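Worksheet for the structure shown next.
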Amino acid sequence: MAYFTWRPVQASAEQDETDAAFERVAKGLGITLITYRIRRIEEVEAALTDAKRKHADGAFIDYSSIFYDRGAEAFIQTQSERLRIPVMYSSLSGAEAGGLIAYGIKPNARYEMAARFVDRILKGAKPGDIPFEQAGNFSLYVNKSAAKALGFTIPASILILADKVIE
C-alpha cells in the first residue's frame, strides 16, 4: 500500500520532526510514503500523475498556505477524481470541497484560543508567562459523495464517529 503526502516546502526543525513522525507511523503500518514538496498549486497535477504512476493508493494533504484557497481545493479535487486517487485533508474544508475525508481543528478553535489569550493579557498576564496550548478541538468530516464517486463504501463505524457526514 502506498500513500503520498504534500508537505510545505520550507525546511525547519519542526518540519523535519513532523516528516520523521510521518515516516515512522507509515512504516509501522506497512505503508510506503511518497512525499511531494509543493511550492505552487500548478505543481499539483504533476505530483498526482507521478503518484498514480507509482501506484499510490491515496493522498494526505498537509495544508500549507498554497492550499488555503477554494480554487486550489477544487483544482486538487478535479485532478484527484480524474486519476481516482482518494484524498484525506488536515483541514476540514478539504472534505467540504470534495475530498474523501478530513481530520483537523474545528474552524473556530483557533479564534476561541486567541480570545482566551487576549483576555488573559488584558487582565494583566505577561504574554511570555502564558503556556503554549495546542488546539484540542478536532473534528472528523467524511464525504459520502466522494466515496461513492471513487467506488468506496465508508464503514458505519467511521460514519458514527464523524462529526459531519457530507452527503
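Quick note: the coordinates plus some simple rules give every number you see, no bench work behind them. Since the structure is predicted, the reported quantities are computational estimates derived from the model, not experimental observations. Virtual Cβ from ideal backbone geometry, glycine too; neighbours counted across all protein chains shown.
What the table shows:
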| read-out | value |
| --- | --- |
| For the chain, built as a Gaussian network whose Cα springs stay under 10 Å, the top-fluctuating residue of 48, 150, 100 | 150 |
| Footprinting exposure proxy for 75, 138 (fewest neighbouring C-beta atoms within 10 Å first) | 138, 75 |
| Within the chain, longest stretch free of exposed trypsin sites (Lys or Arg not before Pro) [DSSP loop, at most 15 other beta carbons within 10 Å] | 124-167 |
| Share, in percent, of DSSP beta bridges within the chain that are antiparallel, nearest 5 | 20 |
| Residue 29 paired with residue 55, simple spin-label distance in nm, labels 7 Å along Cα-to-beta-carbon | 1.9 |
| Relative contact order computed over segment 120-166 (Cα-Cα under 8 Å; 6+ residues apart), in percent | 41 |
| Chain lengthening between residue 145 and residue 20 when straightened (0.36 nm per residue, less Cα-Cα) | 41.7 nm |
| Whole-percent pair-distance distribution, where bins are 10 Å wide, for the alpha carbons of segment 76-167 | 16, 36, 21, 15, 10, 1 |
| Folded to 0 to 90 degrees: helix 70-83 orientation relative to the chain principal axis, Cα | 30 |
| Estimated distance in nm for a label pair at residue 113 and residue 13, the labels positioned 7 Å out from Cα along Cα-to-Cβ | 2.0 |
| Relative counts (whole %) of C-alpha pair distances in the chain, using bins that are 5 Å wide | 1, 8, 15, 18, 19, 17, 10, 6, 4, 2, 1, 0 |
| Under 11 Å from the residue 83 label point (7 Å along Cα→beta-carbon), backbone N, segment 12-38 | 36 |
| Extended-chain gain in nm, criterion 0.36 nm per residue less alpha-carbon gap, residue 164 and residue 120 | 12.6 nm |
